[in-house]
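The values are calculated or read from the model by the stated rules, or taken from the named source; none is laboratory data. Just so you know, these numbers come straight off a predicted model, no measurement behind them. So basically every Cβ, Gly included, is an ideal-geometry build from the backbone, and we count neighbours across all protein chains shown. Side chains are part of the model used for accessible areas, which takes the heavy atoms of the whole protein and leaves out ligands, DNA and RNA. Shrake-Rupley method; radii C 1.70, N 1.55, O 1.52, S 1.80 Å.
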Amino acid sequence: MVSQGSDMPRILLLGGTTEASLMARALAEAGVEAVFSYAGRTHQPVPQPLPVRVGGFGGAAGLAQWLHAEGISHVIDA
């Protein structure tokens, strides 16, 4: 679990597209703390310059719980 209350953003990047991979690179180069998430339908995920998670969240309640537990402040659906 990540400590709460930080002024630094922590981003969940919902990826799987070329645009998401470009955004992941930009976030990593800017030093922004972020997690790249593949839905799990990608057969050969492209390596990313960010920590990667694969799979669903278990619906809206599961997503909300994961966001809170991980200290995510922003979500980008790319």
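Odds and ends about this structure:
- On the stretch given as segment 25-55, residues that are under 12 Å from LEU13 (Cβ atoms) and of a type in the set (Lys, Arg) total 2.
- Here the condition is being buried (at least 16 other Cβ atoms within 10 Å of the Cβ) and in contact (Cβ under 8 Å) with a residue 40 or more places away in the chain; of LEU12, LEU27, LEU50, it holds for LEU12 alone.
- Segment 56-78: number of residues that are open to solvent by less than 60 Å² (accessible area, probe 1.4 Å) and either aromatic (Phe, Trp, Tyr) or more than 13 Å from GLY15 (Cα to Cα) (or both): 11
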